[in-house]
Amino acid sequence: MLTFFLSLPRPLKRLITLAIDVVLLLFAFWFAFWVRIDSMTPLTSLPHWGLIFFIILITLTFFVKLGLYRAVIRYITAKVLVAVTVGMVASAILLIVAAFYTNLYLPRTIPFIYFSFGLLMIAGSRLALRMIINRGLRLGTKIIIYGAGASGRQLLPALSQAAEYYPVAFVDDNPRLQGSVMHGVTVYAPEKLSWLVEKYEVKKILLAMPSASRSRKNEVIKMLEGLPCEVLSIPGMVDLVEGKARIDSLQKVSITDLLGRDPVDPVPELIAKNIRAKVVMVTGAGGSIGSELCRQILRNAPQALVLYEMSEFSLYAIERELAAYIADHKLAIKLYPVLGNVQNQEHIERVLKSFHVKTIYHAAAYKHVPLVEYNVADGVRNNVFGTLACAQAAINCQVPNFVLISTDKAVRPTNTMGATKRMAELVLQALSAQHPAIKFSMVRFGNVLGSSGSVVPLFEKQIDAGGPITLTHPDIIRYFMTIPEAAQLVIQASAMGNGGDVFVLDMGEPVKIIDLAHRMVTLSGLTIRDESNVDGDIEIKTTGLRPGEKLFEELLIGESVSVTQHPRIMTANEVMLPWLELAEYLDELNIACSRFDQERIRELLLKAPTGFQPTDEICDVMWIKAHEA
């Protein structure tokens, strides 16, 4: 019946509503007489019938003018009381005036009783019908909204307009709100969560805390992890204010809420020093770190930004994104997308001279540990000789600032990728001593959340596919940092460089990857399948460490570390080689790469002061294939 009524054409529904109001106004009028004189005698009076029909006609005209019949009952709010009250006040006054001029019998209290009955019946019927319709349509998922603040209160009406979700309770840790009722939904204390989930068979919990700090969100999320519910959140306050998202745009809990820290405000003079009003170039501009560096650089008003990238698609994607940002914000910044390989020194010099580059952020690198193990010669060429080509081009073109994006895997490396990044650091340290006019600096940090190859997107895909989650080792530990925080700290660290500096970013507390997997599963409303829970949803499988992978990473080679003016940036004093001595290593390494001599490449990486301690035999796929033959 309810579905049939809702499917009727809108004009027909308005006519039905209007007919119901006629009946309700008639009841209000005659009930007023019955209450006042305990008699229905006026029912037999034709003049009284004529009076009330005249009053009803005028009253309905008032209601039409007040927009009462334009409102969709399913979405009406308490504001309907205003329209009905105004219409009934006019109707009661009209009743008094009409009775006075027609000399009809009308006790003085009748108009007041008629007004009360009319207001109660017409407004009450609409609110009751709205409740019936909404409850009749609420076959969706039962949810709890965590946070009864402004965002939570805005979220509830938005959700009431859709059938997907059925809010059954608010939860808030503010004692002053607990026990209150908002839009018909009661606010409970967090201690009641387990009881609420069990009582209402709740399937999802929505976090309505867009402006809360990451540390506060993390506390709440940890409390929710043990519940058999999927946890969703509404967008951040910045996205809401800028119109990038709506209050009801629900999304999975961001992994940055689990691992990310509250950002530290940047130091203005550091963030702008090497960027503002200058031409800046980013190599590897389409990569995870490179693209975020480009975004942060644009926000600090460079004169121009040169995007240097080997991948055509990656360059296209970041150029389109940045061009749209420049257009939307009406910025007077030139954008130059350049396809090129960092190993081509001649091409890099041509780019630096053409655009008069003043700062280079060298983010281009092969960084996936197993892939570099499988392609050793190309990994060495790109990471070591690519850095050397860029640095020498910067020297020849007198570029004042050169920043290398390094990695924690360069510290006591157990893989070729880490050894090549440490060699790249040695190259810049040696060149800095030879060319003090150029400020070479290196910024070393660990894993970034959401980068290509990160475990987070991999785990998300595996969970969505129903598992299993693949884990290389149950004891593996990693440091994590959000990409925006890493990029911002890189820019500030580079501004403090005096030449040859190795900066180390404070990565916070290390994270056990298996614990991260557990949290991601439980926050999806699922359970781990293991020996103690054979009926669980997602299984975690251990595949074994990959070539070159180690259980934990470090940020320092030695113990010598100094603080800087930024609380999350330190500087390390690391061992280095004079340029003449290092150049001999590089010449031999170049020859070994040209000859595809894997044994010699490994020997040289072991001989150089990189701290290289390989855990596997040579894994280069072409070398293995050749030796199989």
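The values are calculated or read from the model by the stated rules, or taken from the named source; none is laboratory data. From a predicted model like this one, the values you see are computed outputs, not experimental measurements. Please note: Cβ atoms are built from the backbone with ideal geometry, for glycine as well, and neighbour counts cover all protein chains shown.
Overview of values
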item: Residue within segment 606-620 that is assigned to a helix (DSSP H, G or I) and either in contact (Cβ under 8 Å) with a residue 40 or more places away in the chain or surrounded by 19 or more Cβ atoms within 10 Å (Cβ to Cβ) (or both) present; result: no
item: Enumeration of residues in segment 410-428 that are of a type in the set (A, V, I, L, M, F, W, C) and either more than 16 Å from Thr283 (Cα to Cα) or over 35 Å from the mean Cα position of the chain (by Cα) (or both); result: Ala410, Val411, Met417, Ala419, Met423, Leu426, Val427, Leu428
item: Test: residue in segment 202-218 that is among the charged types (D, E, K, R), part of a strand (DSSP E or B), closer than 27 Å to Leu458 by Cα and modelled with pLDDT of 75 or more; result: yes
item: Residues of segment 390-409 satisfying the condition of being surrounded by 24 or more Cβ atoms within 10 Å (Cβ to Cβ), within 33 Å of the chain's Cα centre (by Cα) and in contact (Cβ under 8 Å) with a residue 60 or more places away in the chain; result: Val403, Ile405, Ser406, Lys409
item: Residue that is surrounded by the fewest Cβ atoms within 10 Å (Cβ to Cβ) [pool: residues in segment 99-121 that are part of a helix (DSSP H, G or I) and at pLDDT below 80]; result: Tyr101
item: Hey, Val384 farther than 18 Å from Leu431 by Cβ, in contact (Cβ under 8 Å) with a residue 40 or more places away in the chain and crowded, with 20+ Cβ neighbours inside 10 Å or not; result: no
item: Scope segment 350-379; condition assigned to a helix (DSSP H, G or I), more than 33 Å from the chain's Cα centre (by Cα) and of a type in the set (A, V, I, L, M, F, W, C); matching residues; result: Val351, Leu352, Phe355, Val376, Ala377
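Condition check ((1) buried (at least 16 other Cβ atoms within 10 Å of the Cβ); (2) under 15 Å from Gly290 (Cα atoms); (3) within 27 Å of the chain's Cα centre (by Cα)) across all residues:
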{"position": "Ser314", "(1), (2), (3)": "yes, yes, yes"}
{"position": "Glu319", "(1), (2), (3)": "yes, yes, yes"}
{"position": "Ala324", "(1), (2), (3)": "no, no, yes"}
{"position": "Ala327", "(1), (2), (3)": "no, no, yes"}
{"position": "Leu331", "(1), (2), (3)": "no, no, yes"}
{"position": "Leu339", "(1), (2), (3)": "no, yes, no"}
{"position": "Gln345", "(1), (2), (3)": "yes, no, no"}
{"position": "Ile348", "(1), (2), (3)": "yes, no, no"}
